[in-house]
Every structure is written in C-alpha cells, then in structure tokens.
Amino acid sequence: MTVAPARSLGPTESAALAELLLTLADDEFILGFWDSEWTGIAPILEEDVAMSSISQDEIGHARAWYELLAQLTADDADRIAFGRAPDEYRHAALLNHARGDWAHTVARRLLYETADAVRLESLTGSSYAPVAELAAKMRREETYHLLHWNAWLRQLTAAGGEARDRLVAALALRWSDAQSIFAPLAGEGILRAGGILPEAMAALQKRWHERLGQWLSAAGLSLPGPATDPPQPSTAGRTGRTPDFAWLHSEFTLVARSEEGATW
Amino acid sequence: MADHGLPLDRVWEVFRQEAQGDPMVHGGSVRAPDAELATHYAREFFGRRQESERLWVIPRDAILELDDPDLLKPPFDRSFKRPGGYVLKHKLEAARGRAGTPPARGSDEGVE
C-alpha cells in the first residue's frame, strides 16, 4: 500500500507511535476474528453475509495498520499479526471475550464502533500524514459499520422482551471493559507533544460517552454506567488477557504456526 | 432460524447498475425487516466487491405485476406491430444529415 511520505521521527517518538499503531491494529484484528465466527450461523442468511463482510473489512483495516507499523519498525506485517505470544497483543479488554450470543455481539459492536469512530475522527488530524490518511480512508467504511449496528440496536430494542433485555444486559456487562479502548498509552505525552495524537485519550473517551449516549437514548436506552464519573481505564486494560483470547489466538495462529517462515 | 418476532420475511428486489450509463438490471432479492437493513444487505450482496455503480432497492409488494396472457399474449396475429421489414437506415441518415450530426459509431446496418 502507498502512503503519504512521513515526516522523520526521533527514536522515542517512533516507539510511541509504534505503540499506538499496535493498539489500533490489534483492536481491528481481534474484533474481525471474533465476529468472523458468525459466518454460517448468523440470525438470517443476509446478516451472515453482512457480518462476514464487515469482519473482513476489520481485518483489512488491521492489515493497513500492521503494514504501517512494519514500515516504521522494519518488521513484517504478517509476523506482527501472527507471530506474537498472546501476552504481546495490545487490543482493548473489551475484545478479550468470546462472541457470545447475538445481543452480546451487537452490544460489543455498538460500544466498539462508536468508540472507534471518535478515535478515527480525531486521528484524521494527526501530524503524522500516513496516520491521518489511513484514518480518513477507514472512516468512510466505518461509517457504514456504524449505521449497521445502529440499525440492529433499533431492531433489538423495538422488538422488546428478551431481545431488548439481552442487549441491555450485554451493554452493562461490557461497559467497564469498553473503557479500555481509551486506556492511556505509555507514550501518550510524546504523541500529544508532536501532534501525532491530536487529543488525549481521556478527551476522546468523554466525547465517546456523549455520542454513545445520544445513540442509546434515541433507542430508549441510556448509558450503561454513569456518564459524569466514568470508569477510569488503566493501562492494564490493554495488557490483561483471558482464556477466551488464548483460545482465539491458538485458532488464528494455527495456519501460520503450521510452517513457520513460509511465504503465503 | 429462531423465531424472535421480527418480520424477517419482507422481500426487497435489488436492481444494479454495473457502470455509469448502463441500464439498471435486476440482480436478485434480499430479505430484511426494514428499509435500512434492506439497503445494507443489498450493498453486501451486490456491491461488496465494488461491482456496482448504483443500486435500487424496492419492496417487492410495491411492484405492480402484469402477467395476464390476454394482455401480453393476445391470440390474434400481431406481427404487424413488430418493426421487422421497416428499414430505418435511410431515414436515419437523412435525419442526421438535416441535423448535421455525424453518423453514429459502428454501423447502422442492423437497424431496421
């Protein structure tokens, strides 16, 4: 992929950017893998195709971020994607859990896509051109994802009964882990100083609560947790791993592990 | 498929245009509970590989169907309503000459 020429970075700035890119890539990669598990078993055939396609979109976005990271660190995108131990992944804690039922999947998607939209929107203003450019490109596709999950939010709430109850319960269950999308980065100060990260993670988190609150209230729901005193994400939000994730990791590295170093 | 109370059986017909200027051609149908999801599914079925320039998504129950053989296949000879035997070529040339437009690309030979 061709990206805009990047301005030169010092070693500390480069390391901080690498951390940011890894979080962006891993989020999309892991979510894409979890939801690809709906292929063949989604509620209706049409949704089966849509979910599989949307999951492929996320893997495509992950690939773009991994490639940018590989350029920066003189590494290989496939090696980064498939060649790490489970504890080396940096996705948000929200993505540590198995796909669950359909309501759980819709709830997680809503939490994630609304947060990702806020994050991408902000990154289009990044001083590092390749990041700004990729974020702008992804936003075009993510806008459709957002509409799709909002349509499902309306379906499940309008249906009422068990559908609505399950959705509400899943949103509440994952609310705390969802905050980890905006967990502060170790190199956040450096990224902010150089304008690579136009806004602090905490500011993005606040904007996300406002947006999500509007979406939920349009469907007759409210934020699963207090908006004024949101759960504080910790850096551990992107390092803690679960047995669910260990299983997924063994699945998605299966082929790569079958012949290490092979060219695919 | 589980019955979860949604009207899943609403059918939408999808027409697609492959390139700018092409006619809209029926691509197939999707099931969806509402118009918005119908457009999402149409996009996934007929546009996710960037194969469509434009889609039309129409609820099947909005389509007026005409299949009465008395209207479409009347029992009398209607061959005189077909354009066969009526050669347009020279009339077209004359009309183009009057309008000052160059002959159309390709050949008019087949135009009757």
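Just so it is clear, none of the values below were taken in a lab; they were calculated from the coordinates. Computed from a predicted model, the values in this text were never measured in an experiment. Methodologically, a virtual Cβ is constructed for each residue, glycine included, from the backbone with ideal geometry; neighbour enumeration extends over all protein chains shown.
Let me confirm one metric for peptide A:154-163, namely the mean number of other chain beta-carbon atoms within 10 Å of its residues' beta-carbons.
Working: counts 4, 6, 2, 0, 4, 4, 1, 2, 2, 3.
Per-residue shielding by partner chains comes out at 3.
Between A:I41 and A:K206, the FRET efficiency from the beta-carbon distance, with R0 = 30 Å, is close to 0.20.
Counting only alpha carbon atoms, the long axis of helix A:243-252 and the longest principal axis of chain A meet at about 60°.
First check a/c for the stretch B:11-62, with a ≥ b ≥ c the square roots of the eigenvalues of its C-alpha gyration tensor; if it is under 1.5, answer rounded, and if not, answer prolate when a/b is larger than b/c or oblate otherwise. Oblate, because a/c is 1.5 or more while a/b does not exceed b/c.
Taking B:K89 as the anchor, which lysines have their alpha carbon closer than 22 Å to its alpha carbon, excluding any fewer than eight residues away along the same chain? Counting by Cα, and skipping residues close in sequence, B:K89 has these lysines nearby: B:K81.
Which of the three applies to the stretch A:44-197, rounded, prolate or oblate, going by the alpha-carbon gyration tensor with a ≥ b ≥ c and a/c under 1.5 meaning rounded? The shape class here is prolate.
The alpha-carbon of B:K91 sits under 13 angstrom from the alpha-carbons of these aspartates and glutamates, leaving out residues fewer than 8 places away in its chain: B:D108, B:E109, B:E112.
Bridging of B:K73 to aspartates and glutamates at a Cα separation below 14 Å is possible for none of them, once same-chain residues fewer than 8 apart are set aside.
Simple spin-label estimate for A:S258 and B:E53 gives 4.2 nm between the two label positions (7 Å along the Cα-to-Cβ direction from each Cα). If a/c stays under 1.5 just call it rounded; otherwise compare a/b with b/c (prolate if a/b is bigger, oblate if not). Do that for chain A, with a ≥ b ≥ c from the square roots of the Cα gyration tensor eigenvalues. Cα axes put chain A in the oblate bin.
Note on A:S222 and B:F80: the model spin-label points, each 7 Å out from Cα along the C-beta direction, lie 7.9 nm apart. Axis of helix A:201-218 versus longest Cα principal axis of chain A: the two differ by about 20°, to the nearest ten degrees.
The HN-Hα couplings worked out from phi for the stretch A:45-60 by the Karplus form 6.51 cos²θ - 1.76 cosθ + 1.60 (θ = phi - 60°) are 3, 4, 5, 4, 5, 4, 5, 5, 5, 5, 5, 5, 4, 5, 5, x Hz, whole numbers, x standing for Gly and Pro.
Seen against the Cα atoms of chain A and their longest principal axis, helix A:11-36 is set at about 40 degrees.
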